[in-house]
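Take a look at the structure set out below.
The values are calculated or read from the model by the stated rules, or taken from the named source; none is laboratory data. On a predicted model such as this, the values are computed, not experimentally measured, just so you know. Don't worry about glycine lacking a Cβ; one is built from the backbone with ideal geometry, like all the others, and counts go over all protein chains shown. Areas reflect the complete protein model, heavy atoms only, side chains present, ligands, DNA and RNA absent. Shrake-Rupley method; radii C 1.70, N 1.55, O 1.52, S 1.80 Å.
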Amino acid sequence: MTNMHVELGLDTFGDVTRGPDGRPLPHAQVIRNVIAEAVLADALGIDFIGLGEHHREDYAISSPEVLLAAIAGQTERIHLGSAVTVLSSDDPVRVFQRFSTLDAASGGRAEVILGRGSFTESFPLFGYALDQYSQLFEEKLELFAALLQADRAGEPVTWRGRTRAPLAGQHVYPRTEHGTLKTWIGVGGSPESVVRAARYGLPLMLAIIGGDPRRFAPYVHLYHRALEERGADRLPIGVHSPGHVGETDAKAREEFWPSYREMRNRIGAERGWPPTSMAEFEREIDAGSLYVGSPETVARKIAATVGALGVDRFDMKYGAGPLAHEPLMRHIELYGREVVPRVRALLAESAPAEVTVA
């Protein structure tokens, strides 16, 4: 069903941007700029800010929880989370402890989105083998789910696997204040990952970064069916997609395109993709999963995606490569002041409709 109470958030990876002299800013300045961006988002009433975890030169954020704690101290309402935490190359107990600490410091505003991550630099950095890519995530997610259950029940946790030392009746501290830490599973589009999220009874965050978002409707149906088969209640589903808001469609495209092209071609070269083109960029804006344009254009596209998939949250990943801090702040201003209320108005105007598979 169309959700008129959808949460609307923002995600950033802390892309290394350029200063007025055209040179890349130091990581430290990018991090300070991300704090300013999150403070603005909070002042505008935006629901959520998510910080991605990366371990490479072109992204400044490698420890989202530390940065989120700094943001917590300067904000009042906005929910604070990762986008995503690369659980495969981390320790589930430490991840839980960091986020339960953040939850306490922020007055219950912490969320964690767990995922495999689309980059693999963290594996050699922390001494994990890539040939255990799937096993690491499966086992560590199993342990994290056990930690959440133990926290809810106020009981010790017992767990055994092959990729980490076992736990035998051990308590993990700090516990969350109310026995809950909102935990999502970030999914790029595999049926197995969707079913896994339902099996652990965790909300689903769909990373839709290309193509018609309606093609994810079967995953929404699969998730609902998997929950029903477990006898579980409905759980939230979110969408994470990239975009940029400008005063007009033309300005948004003109502002976003050069940095988007640079970022896309840099990553594409690493992965064997051909260079992108203006035609591909415009096609993704017109019929795919790039939310680029004026506030009205972007609001209508977000409302259409929320309506088609029946999701509970939409997080726009803002920024791309070297796009400077100033246009990012304008984007946040337009998103908070114009896009968010317009999306809510459009959803209120629309009649509820069942999700249909294209």
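Some points to look at:
- Label point distance in nm, GLU142-ARG164, each placed 7 Å from Cα along Cα→Cβ: 1.2 nm
- Estimated 222 nm signal from helices in the chain, with DSSP H stretches of n ≥ 4 weighted -39500 (n - 2.57), rounded to 500: -14000 deg cm²/dmol
- Global form of the range 43-191, assessed from the alpha-carbon gyration tensor, a/c cut-off 1.5: oblate
- Reciprocal of mean inverse Cα separation for the range 193-262 (Kirkwood radius, Å): 14.2 Å
- The range 289-302 - phi-based ³J(HN,Hα) in whole Hz, Karplus 6.51/-1.76/1.60, Gly and Pro as x: 10, 9, 9, 10, x, 5, x, 5, 4, 5, 4, 5, 5, 4
- Each distinct pair of alpha carbons in the chain adds a 1/r term; the inverse of their mean, the Kirkwood radius, is 20.8 Å.
- For the chain, the antiparallel share of DSSP beta bridges with both residues in that region comes to about 10%.
- Rg ratio (alpha-carbon, reference 2.2 N^0.38 Å) - the range 218-358: 1.17
- For HIS79, nonlocal amide neighbours, meaning residues 5 or more places apart or on other chains whose placed amide H falls under 5 Å from its own, are PHE48, ILE49.
- Cα Rg over Rh - the range 122-263, Kirkwood: 1.07
- Between the range 98-119 and the range 4-34, the alpha-carbon centres lie 19 Å apart.
- ³J(HN,Hα) computed for each position of the range 59-70 - Karplus, 6.51 cos²θ - 1.76 cosθ + 1.60, integer Hz, glycine/proline x: 10, 8, 9, 10, 10, x, 5, 5, 5, 5, 5, 5
- 3J(HN,Hα) along the range 199-210: 4, 8, x, 10, x, 10, 10, 8, 8, 10, 10, x Hz, from the Karplus curve 6.51 cos²θ - 1.76 cosθ + 1.60 with θ = phi - 60°, whole Hz, x for Gly and Pro.
- Charge-dipole axis of the range 175-269 as Lys and Arg at +1 and Asp and Glu at -1 on Cβ define it, positive-most pick from PRO242, ILE208, ALA226: ALA226
- Take the range 65-168 with all the other protein chains still there, run a 1.4 Å probe, and you get 42 Å² of accessible area per residue.
- Other-chain or far-sequence residues with amide H under 5 Å of LYS317's (modelled H): ASP11, SER241, GLY243
- Hydrodynamic radius of the range 1-126 by the Kirkwood approach over all distinct alpha-carbon pairs: 15.2 Å.
- For the chain, the share of accessible area belonging to carbon and sulfur comes to 53 percent (1.4 Å probe, ligands and nucleic acids excluded).
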